[in-house]
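The values are calculated or read from the model by the stated rules, or taken from the named source; none is laboratory data. Here the structure is a predicted model, which means the values were calculated and not measured. Reconstructed Cβ throughout: ideal geometry from the backbone, glycine too, with neighbour counts over all protein chains shown. Just the protein is used for accessible areas: all its heavy atoms, side chains included, with ligands, DNA and RNA removed. Shrake-Rupley method; radii C 1.70, N 1.55, O 1.52, S 1.80 Å.
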Amino acid sequence: MKKTILLLSVLGILACKNEPKDYVLFTGKIIDKNSDSIVISNREYTKTIKVNEDGTFSDTLKVADGKYNFYDGGESTTLFLKNGYELNMNLDAKMFDETISYSGIGAETNNYLAKKALMQETIYPPSLFDFEEPEFKSKISDINASLSDFLESNKAIDTALYASERSEIDQFMDEMLGYYSKQKEYKEKRAAEFADLLGIPSPAFVNYENYKGGTSSLSDFKGKYVYVDVWATWCGPCKAEIPSLKEIEKNYHGKNIEFVSISVDNGRGYKEKTVEASKEGWKKMIAEKEMGGTQLFADKAWESDFTRGFKVNSIPRFILIGPDGTVVNPDAPRPSSPKLLQLFNSLEL
C-alpha cells in the first residue's frame, strides 16, 4: 500500500511539472528608461507593466499566440508571445533597436524579430520609391532575396511565425509594386497641394539659433540657392537621410548653394518632454553625427512662420529656395533620391 501511495505521489508531481503554463512570464531590464511603464498591446489586448527605478520589470501575461507591440514611452518594437514562454528582455533606451536582446524560453524567435528590425533599417534605400520603375523592381527583388535568406537561416523560430513570415515574403513583390503605384499618385497630389508656393517669395526664417553660435536668417543667404532640410532628432526617416545629405554637401562644397537644416524639435522623444531637453539632444546629435551645413533650431517648432508658410505637416521635408529668395521647389527631392542630382544639374551652381 505504501509503495502504491508513493508511486501515485511521484506521478502526481510529474504531472504537475509537465502541465503547460497558460501565461507568459515576461521580465527584463531597461537601461536609461524613457518611462515608468511599458505597454504590451495588439488589436485585442493591452497590458501596462510598471518599470522599477532600476529599470527592471516583471509580469505575467495571458495572451493569444502572436505578434505584439512593445512600447517603452519613446520607441517600440515587435514581440512574439506564446503562453509558456519565460522571456527576458534587455535593452538600452538610448540605442533602442541596436541593443535589444532576449534570453529564456522564446528568445530565439524574438531575437529573430529584433535582428530583422535592425536589418530593415538599412536594407531599404531611403528614397526607394523615387527610382524609375525598372530600377525599383531590381532593388525590391534584391531586398526580397535578402529577407528570404535571413528567414531561412532562422528556421528554428516558432513554426507559426515562420509560416507567417514566409507568406509575407512570398507576397512582397506584388505588394511593393502596388505601393509604388500609390506613391506615384501621392506625389502627384502633393505637387498639386504645394503648387501655389512655386515661384513666390519664400516664407522666411528669422534669427533662428545657430548651432555654431549666434542666429541666422534666410536673408543671410541672399544670392545663393538654399536647400532646406526640415527635420527632428526623434524622426527615423530624417536621421536616415543624414549620410546622404553629408555626401551631397561634400560634393557641392564651394558651389553657389547653402545647405540649411532646421530642427522642429519640441520635446518629443525626450523624458522631460521639454524644448530645452530636445535642444540639448539636437546639439548632441549634430556633434555625434558630425553634421555639416548650417544647423538651425526653429523658434516655434511646427508653429514657426517658416514651417507653417510651407505647409509642413510631416518630416523630413526638403525645400529649395533660389538666389533671389523665391521658391524653386517647395517639396524638393531627398538627399538620397537620384532626382535631387537631376534637379541640381539643371541649375547653374
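Placing +1 on the Cβ of each Lys and Arg and -1 on the Cβ of each Asp and Glu in the chain, which of Pro338, Leu296, Ser219 has its Cα farthest towards the positive end of the resulting dipole?
So the residue we want is Leu296.
Working with all protein chains in place, sort Ser35, Ser138 by solvent-accessible area computed with a 1.4 Å probe, largest first.
Numbers: Ser35 35, Ser138 60 Å².
From most accessible down to least: Ser138, Ser35.
Between segment 116-141 and segment 192-263, what is the C-alpha centre distance in whole Å?
After rounding, the separation between the Cα centres reads 25 Å.
Given the Cα-Cα distance of Asp196 and Lys300 and 0.36 nm per residue of separation, how much length would full extension add, in nm?
Numbers: separation 104, 0.36 × 104 = 37.44 nm, distance 2.38 nm.
The Asp196-Lys300 span can extend by a further 35.1 nm.
For the chain, what is the accessible area per residue in Å² when the probe is 1.4 Å? Intermediate results must be reported in sequence, preceding the final value.
Working: 18830 Å² over 349 residues.
For the chain, the solvent-accessible area averages 54 Å² per residue.
How big is the antiparallel share of DSSP beta bridges in segment 208-349, given as a percent to the nearest 5? Don't skip to the end; give the middle numbers.
Values: 11 of 22 bridges.
In segment 208-349, approximately 50 percent of DSSP beta bridges are antiparallel ones.
Within the set of other residues whose C-beta is less than 13 Å from the C-beta of Ile38, count the net charge using Lys and Arg as +1 and Asp and Glu as -1. Don't skip to the end; give the middle numbers.
Numbers: positive: Lys29, Lys33, Lys47, Lys50; negative: Asp36, Asp59, Asp72, Glu75.
My count for the surroundings of Ile38 gives 0.
Once phi is turned into ³J(HN,Hα) by the Karplus curve 6.51 cos²θ - 1.76 cosθ + 1.60 with θ = phi - 60°, what whole-Hz value does each residue of segment 323-339 show in order, with x for glycine and proline?
Couplings: x, 8, x, 8, 7, 7, 8, x, 9, 6, x, 6, x, 7, 7, x, 6 Hz.
Mind computing the radius of gyration and Dmax over the alpha-carbon atoms of segment 231-279? Å is fine for both.
Just the Cα atoms of segment 231-279 yield Rg and Dmax of 13.6, 41 Å.
Shape call for segment 182-251 from the C-alpha gyration tensor, a ≥ b ≥ c root eigenvalues: rounded (a/c under 1.5), prolate (a/b greater than b/c) or oblate? Show your work: numbers first, answer last.
Numbers: a/c = 1.95, a/b = 1.24, b/c = 1.57.
Judged from the Cα gyration tensor, segment 182-251 comes out oblate (a/c at least 1.5, b/c at or above a/b).
Counting only protein heavy atoms and using a 1.4 Å probe, what share of the accessible area of the chain belongs to carbon plus sulfur, as a whole percent? Intermediate values should be presented prior to the final figure.
Numbers: 9630 of 18830 Å².
C and S atoms contribute 51 percent here.
Give the span of segment 237-331's Cα atoms along each principal axis, as three whole-Å numbers ordered largest to smallest.
40, 30, 20
log₁₀ I(q)/I(0) of segment 215-255 at q = 0.27 Å⁻¹, via Debye over equal Cα point scatterers, no solvent, to two decimals?
Debye intensities relative to I(0), on a log10 scale: -1.02.
Expressed in nm to one decimal, what extension gain is obtained for the pair Asp324 and Lys284 from 0.36 nm per residue of sequence separation less their Cα-Cα distance?
Values: separation 40, 0.36 × 40 = 14.40 nm, distance 3.37 nm.
Computed gain between Asp324 and Lys284 is 11.0 nm.
Of all DSSP beta bridges located in the chain, what percent are antiparallel, nearest 5?
Numbers: 37 of 55 bridges.
Taking every DSSP beta bridge with both residues in the chain, the antiparallel ones total about 65 percent.
Short version: ³J(HN,Hα) in whole Hz for each residue of segment 139-156, in order, from phi by Karplus 6.51 cos²θ - 1.76 cosθ + 1.60 (θ = phi - 60°), x for Gly and Pro, what are they?
In residue order, the calculated couplings are 5, 6, 5, 5, 5, 4, 5, 5, 5, 5, 4, 5, 5, 5, 7, 10, 6, 7 Hz.
Once you list every other residue whose beta carbon is under 13 Å from the beta carbon of Asn207, what net charge do they have if Lys and Arg are +1 and Asp and Glu are -1? Walk me through the numbers on the way to the answer.
Numbers: positive: Lys300; negative: Glu209, Asp220, Asp299, Asp305.
In short, -3.
Would you please give the residues with an amide H less than 5 Å from that of Arg317, counting only those at least 5 places away or on a separate chain, with H modeled from the backbone geometry?
For Arg317, whose amide H was placed from the backbone, the distant partners under 5 Å are Val230.
For Val206 and Asn83, calculate 0.36 nm times their separation in residues minus their Cα-Cα distance, and state this gained length in nm to one decimal.
Working it through step by step, the gained length comes to 38.5 nm.
Taking K and R as +1 and D and E as -1, what net charge do the other residues with C-beta under 14 Å from the C-beta of Ser103 add up to? Spell out each step's value before the answer.
Numbers: positive: Lys29; negative: Glu86, Glu108.
Once all neighbours under 14 Å are counted, the net charge is -1.
Mind running the shape call on segment 304-348? Use the C-alpha gyration tensor, a ≥ b ≥ c as the square roots of the eigenvalues: rounded below 1.5 for a/c, prolate if a/b tops b/c, oblate otherwise.
Working: a/c = 3.66, a/b = 1.35, b/c = 2.71.
It comes out oblate by the Cα gyration axes.
With the dipole of the chain worked out from charges on the C-beta (+1 for Lys and Arg, -1 for Asp and Glu) around the Cα centre, which of Gln171, Thr77, Gln120 lies farthest toward the positive end?
Final value for the positive-end residue is Thr77.
Applying a 10 Å radius around every beta-carbon, put 121-129, 235-243 in order of their mean neighbour count, most first.
Working: 121-129: 15.4, 235-243: 17.7.
My ranking of the peptides, most packed first, is 235-243, 121-129.
Taking only C-alpha pairs under 8 Å that are 6+ residues apart, what is the relative contact order of segment 199-262 in percent?
Numbers: 48 pairs, mean separation 22.2, N = 64.
Value for segment 199-262: 35 percent.
Could you check the spin-label model distance between Glu175 and Asp92? Points 7 Å from the Cα along Cα→Cβ, value in nm.
Taking the simple label geometry, Glu175 and Asp92 are separated by 3.3 nm.
What are the ³J(HN,Hα) values, in whole Hz, obtained from phi via the Karplus relation 6.51 cos²θ - 1.76 cosθ + 1.60 with θ = phi - 60°, for each residue of segment 167-184 in sequence order, with x given for Gly and Pro?
5, 5, 5, 5, 9, 4, 4, 5, 5, 5, 5, x, 4, 4, 5, 5, 5, 4
Working only with C-alpha atoms, what are the Rg and Dmax values of segment 109-157, expressed in angstrom?
12.6, 38
Evaluate the distance, in nm, between pseudo-label points positioned 7 Å from the Cα of Ser35 and of Thr215 along their respective Cα→Cβ axes.
In this crude spin-label approximation the distance works out to 3.6 nm.
How high is the relative contact order of the chain, given as a whole-number percent (alpha carbon pairs under 8 Å, six or more residues apart)?
Working: 537 pairs, mean separation 48.2, N = 349.
So the answer I get is 14 percent.
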